[in-house]
Amino acid sequence: MNDSDPAATDSASSAAAPRLRSALDTFPPYIPGKPPRKVEGLESFKLSSNENFLPPLPAVLDAMVAHATNPALYPDDAALALRQGLADRLGVGLDQLVVTTGASELLVALTQITSDVTTEAIYPWPSFEMYPQTTGLVGSTRHEVPLTPEGRHDLDAMAAAITDRTSLIILCSPNNPTGPVLRDDEVRAFLDKVPSHVLVALDEAYWEFATAPGRADGLSLVRDYPNLVLVRTFSKAHGLAGLRVGYAVAHPPVIEGLLKAVIPFGVTDLSQAAALESLSHWDEVLDRAARIAQSRDAFAAALREQGCDVPEAQANYVWLPLGGKSSAFEDACVEQAVAVRNLGAGVRISIGEDEALARVLEIAERFRVEHFAE
Ligand SMILES: *Cc1c(COP(=O)(O)O)cnc(C)c1O
């Protein structure tokens, strides 16, 4: 029993609590974005989870209905049809793909095949909250390398953090929550410094929204670096977060390792069918992502015009590095029936309906007057 844990003395039932691994004390639980509060007379908007706000593609809904058949049967464990669709679309081999229950399962599996208490992981910070969770859970030593003041990866510092115990490095482009993309030349220079036995995961959950010239293109990188694995998802641009489908692209030895770590039958038949249907509407998916990117650029520009310090925004969200004022800004949004994501160092606002963004601009304007008056 862990006497130093104050929670252990809080309730009578904890006397019988089983002993859990001490690694659990080294990282916080994942906290999902909150739903919006209901406010009389105002439509509510959830801008706290980077979900796609556009309505689902009708053909994808039809595919889901068509596959709502016999739940007694297990799905295709190999997700062959979906992997074939991805292979054709991306120009990679079937043996370079694995499909998982969201990219989240992939991040867990990547950690499990590389990391344990004897190894070290390196990732940027702030970045996606699952990185401390998955690497912490296996007990590896974590090097959280601070972003630059512009919210970008400090790749020199990340390279300097590599030791002979490093087993996993995670890059995130566009970075969640700050927004900037990695550039192709900087990633190549970085990967050239990483020993070839160290696995590097490039999390491209939002790649479809990125527009910056010179941005890193995971598919061309993975061709050149056998120790690179791409982490991708149908949750964001495809708008299928509720169906839980993600995938990895990597060289066959990495895929073979991942296949031993993923949960059998994780992705349901219905989810596989919906993702495959969405893939066949690729151009429409990318068009919609481009529309969201346009809204994002206009929203970021309007915030900058107000005087807000907004880093390069390349995904479907914008980051306001408000530091100690983050909670006050979140509260101001809650009062106006808008849920945003307060991450302590700042507030992340997902791109949503025009009306939602216009309301946030009004809130931000008032907030500046109240909190940043000269
Ligand atoms: C949303 C997200 C994911 C994974 O989401 P899934 O829904 O599990 O596919 C992975 N990485 C980043 C950076 C994300 O924001």
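The values are calculated or read from the model by the stated rules, or taken from the named source; none is laboratory data. Because the structure is a prediction, the values reported are computed rather than measured. All Cβ positions, glycine included, derive from the backbone under ideal geometry; neighbour counts span all protein chains shown. Only protein heavy atoms, including side chains, enter the accessible area calculation; ligands, DNA and RNA are left aside. Shrake-Rupley method; radii C 1.70, N 1.55, O 1.52, S 1.80 Å.
Take the residues in region 190-204 that are touching a Phe, Trp or Tyr at 6+ places or on another chain (Cβ under 8 Å) and either open to solvent by 10 Å² or more (accessible area, probe 1.4 Å) or within 16 Å of the ligand (Cβ to nearest atom) (or both), then tell me which one is farthest from Gln112 (Cα to Cα). Let's see the steps before the verdict.
Filtering region 190-204 for residues touching a Phe, Trp or Tyr at 6+ places or on another chain (Cβ under 8 Å) gives 191, 200, 203.
Imposing the further condition that a residue be either open to solvent by 10 Å² or more (accessible area, probe 1.4 Å) or within 16 Å of the ligand (Cβ to nearest atom) (or both) reduces the set to 200, 203.
Numbers: Val200: 14, Asp203: 16 Å.
Looking at the filtered set, the residue picked out is Asp203.
Could you list, in sequence order, the residues of region 29-78 that are among the hydrophobic types (A, V, I, L, M, F, W, C) and open to solvent by 90 Å² or more (accessible area, probe 1.4 Å)?
Our first condition is that a residue be among the hydrophobic types (A, V, I, L, M, F, W, C); within region 29-78, this holds for 31, 39, 42, 45, 47, 53-54, 57, 59-61, 63-66, 68, 72-73, 78.
Once the filter is applied, which keeps residues that are among the hydrophobic types (A, V, I, L, M, F, W, C) and open to solvent by 90 Å² or more (accessible area, probe 1.4 Å), region 29-78 yields Ile31, Val65, Leu73.
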Open item on the list: So, in region 109-124, how many residues would count as being part of a strand (DSSP E or B) and either basic (Lys, Arg) or more than 13 Å from the ligand (Cβ to nearest atom) (or both)?
Closed with: 3
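Please pick out the residue among Gly266, Gly246 that is within 11 Å of the ligand (Cβ to nearest atom) and under 21 Å from Gln96 (Cα atoms). Give the steps one after another, and end with the answer.
Working: Gly266 fails: within 11 Å of the ligand (Cβ to nearest atom).
Unique residue meeting the criteria: Gly246.
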Open item on the list: Every residue in region 21-49 that is within 20 Å of the chain's Cα centre (by Cα) and free of Cβ contacts under 8 Å to residues at least 24 places away in the same chain, please.
Closed with: Pro32
- [ ] Could you grab me the full set of residues in region 59-108 that are within 16 Å of the ligand (Cβ to nearest atom) and among the acidic types (Asp, Glu)?
- [x] Glu105
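For region 79-137, give me each residue that is among the polar types (S, T, N, Q) and farther than 27 Å from Trp282 by Cα.
Applying the first criterion (among the polar types (S, T, N, Q)) to region 79-137 yields 84, 96, 100-101, 104, 111-112, 114-115, 118-119, 127, 133-135.
Residues satisfying the conditions are Thr111, Gln112, Thr114, Ser115, Thr118, Thr119, Ser127, Gln133, Thr134, Thr135.
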TODO: List every residue pair whose Cβ atoms lie under 7 Å apart, where the two residues are 6 or more positions apart in sequence or sit on different chains, the first residue falls within region 343-360 and is in the same structural domain as Phe299 (by TED's automatic domain parsing) and in contact (Cβ under 8 Å) with a residue 12 or more places away in the chain, and the second residue, located anywhere, is open to solvent by 50 Å² or more (accessible area, probe 1.4 Å) and among the polar types (S, T, N, Q).
DONE: Arg359/Gln336
Task: Filtered residues of region 219-237 (kept if away from the ligand (no atom under 13 Å from the Cβ) and small (Gly, Ala, Ser)) - done: Ser220
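Among Leu240, Leu259, which is the only one that is over 20 Å from Ser127 (Cβ atoms), within 11 Å of the ligand (Cβ to nearest atom) and hydrophobic (A, V, I, L, M, F, W, C)? It would help to see each step written out before you state the result.
Values: Leu259 fails: within 11 Å of the ligand (Cβ to nearest atom).
Just one listed residue meets the conditions, Leu240.
Could you tell me whether Ala345 is under 30 Å from Leu106 (Cα atoms), away from the ligand (no atom under 15 Å from the Cβ) and not in a helix (DSSP H, G or I)?
Numbers: under 30 Å from Leu106 (Cα atoms): yes; away from the ligand (no atom under 15 Å from the Cβ): yes; not in a helix (DSSP H, G or I): yes.
Yes, satisfied.
Picking from Glu186, Glu150, Glu144, which residue would you name as being part of a helix (DSSP H, G or I) and either under 16 Å from the mean Cα position of the chain (by Cα) or surrounded by fewer than 19 Cβ atoms within 10 Å (Cβ to Cβ) (or both)?
Values: Glu150 fails: part of a helix (DSSP H, G or I); Glu144 fails: part of a helix (DSSP H, G or I).
On inspection, the qualifying residue turns out to be Glu186.
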